[in-house]
Amino acid sequence: MSGEHMSGNRCELMELGFSIDTWGEVVMVFYSKGEVIGLMPVGLKLSEDCTLAGRLYRGSKLYSYIASAKVAELPCIACISEDPQLFYMAVFEKSQTIEIFTEHRCPEEFCDACLIGLCKFFDGDEAINLKISVKEIALHRKTPRVFTRASAAIIEALVWFTKLPYVDCKDIERVLERIELLKETVYRSSQKNIYAKLIENIYLAAFKLVKEDESSRCGSRDKNI
Ligand SMILES: Cc1cc2nc3c(=O)[nH]c(=O)nc-3n(C[C@H](O)[C@H](O)[C@H](O)COP(=O)(O)O)c2cc1C
């Protein structure tokens, strides 16, 4: 569809928070002959031509279906929501969620917006590559935004950083490890320079604080163990 959702030179999908450098998480629903044949959370990145790209990793039922039946394309919907309940349901309550999407193409209760289009599948090295040409955008909210693990991880790291001065001495190293894991999540889910800078600064500030605490309030004499 390249350009179908372009307004001037700008791709409308950017207004929903999709970008070329950060994975946006959606719940994808795949159809064949009008029936839902697959539903799963998937990460998507914007491509230069205003299409979306994703990857289906070995292990999901959909991966096995596409690989064995050599399916080239399927109609699909990407449900956009910032509410983690949708993602939970897509993993733990899959058949009920499939029913919901069978009754309503874009259920208002669960999707802030839906991208309706065609998914094309291509063989990749370790995954099946997915390319979505968006034909229609259904909006249920005024300003829907796609969920990104990178921004969630940065907020979570900030929360832990602000808690550090009050954390029991026996737990401060564990909090630092947690912030380090969140740093890895940001690296894995985004190539946005500013996100890398933010998480690196949070980690460095946390590291400094822990080292200071270890030589002051958590020093060997008054260690809270
Ligand atoms: C937020 C989130 C994002 C995910 N992104 C992907 C992805 O991009 N590609 C993928 O193959 N699996 C991804 N997964 C894992 C699949 O959703 C999971 O393997 C799938 O739900 C399994 O479905 P099945 O039980 O029908 O095989 C993601 C899971 C979550 C929770």
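(1) part of a strand (DSSP E or B); (2) within 14 Å of residue 28 (Cα to Cα); (3) of a type outside the set (D, E, K, R): which one isn't true of residue 110, the others all being true?
(1)
Give the residue that is surrounded by the most Cβ atoms within 10 Å (Cβ to Cβ), with candidates limited to residues of segment 88-146 that are within 15 Å of residue 52 (Cβ to Cβ) and without any contact (Cβ under 8 Å) to a residue 24 or more places away in the chain.
Among those that are within 15 Å of residue 52 (Cβ to Cβ) and without any contact (Cβ under 8 Å) to a residue 24 or more places away in the chain, it is 136.
So which of 74, 56, 46 is within 12 Å of the ligand (Cβ to nearest atom) and modelled with pLDDT of 95 or more? Outline the logic, then answer.
Details: 74 fails: within 12 Å of the ligand (Cβ to nearest atom); 46 fails: within 12 Å of the ligand (Cβ to nearest atom).
That would be 56, the only listed residue that is within 12 Å of the ligand (Cβ to nearest atom) and modelled with pLDDT of 95 or more.
Kindly provide the set of residues from segment 33-79 that are over 12 Å from residue 123 (Cα atoms), among the aliphatic types (A, V, I, L, M) and under 19 Å from the mean Cα position of the chain (by Cα), ordered by number.
Hits for segment 33-79 are 39, 40, 42, 44, 46, 52, 53, 62, 77, 78.
With (1) more than 21 Å from residue 144 (Cβ to Cβ); (2) surrounded by fewer than 20 Cβ atoms within 10 Å (Cβ to Cβ); (3) in contact with a helix residue (DSSP H, G or I) (Cβ under 7 Å, 6 or more places away or on another chain) as the list, and residue 56 as the residue in question, which single condition is left unmet?
It is condition (2) that residue 56 fails.
From the list 159, 134, which residue is closer than 25 Å to residue 43 by Cα and not assigned by TED's automatic domain parsing to the domain that holds residue 72? Outline the logic, then answer.
On the way: 134 fails: not assigned by TED's automatic domain parsing to the domain that holds residue 72.
Unique residue meeting the criteria: 159.
If a residue has to be assigned to a loop (DSSP other than H, G, I, E, B), in the same structural domain as residue 80 (by TED's automatic domain parsing) and aliphatic (A, V, I, L, M) to count, how many in segment 1-26 make the cut?
1
Given the conditions (1) outside any strand (DSSP E or B); (2) more than 14 Å from residue 27 (Cα to Cα); (3) touching a helix residue (DSSP H, G or I) at 6+ places or on another chain (Cβ under 8 Å), and given that residue 128 satisfies all but one, which numbered condition is not satisfied?
Residue 128 satisfies all of (1) outside any strand (DSSP E or B); (2) more than 14 Å from residue 27 (Cα to Cα); (3) touching a helix residue (DSSP H, G or I) at 6+ places or on another chain (Cβ under 8 Å) except (1).
Matching residues to (1) touching a residue at least 40 places away in the same chain (Cβ under 8 Å); (2) in the same structural domain as residue 184 (by TED's automatic domain parsing); (3) outside any helix (DSSP H, G or I):
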site	(1), (2), (3)
28	yes, no, yes
38	no, no, yes
57	yes, no, yes
63	yes, no, no
71	yes, no, yes
78	yes, no, yes
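The values are calculated or read from the model by the stated rules, or taken from the named source; none is laboratory data. This structure is a prediction, so every number in the text was calculated from the model and none was measured. Here Cβ is always computed from backbone atoms with ideal geometry, including for glycine, and neighbour counts include all displayed protein chains.
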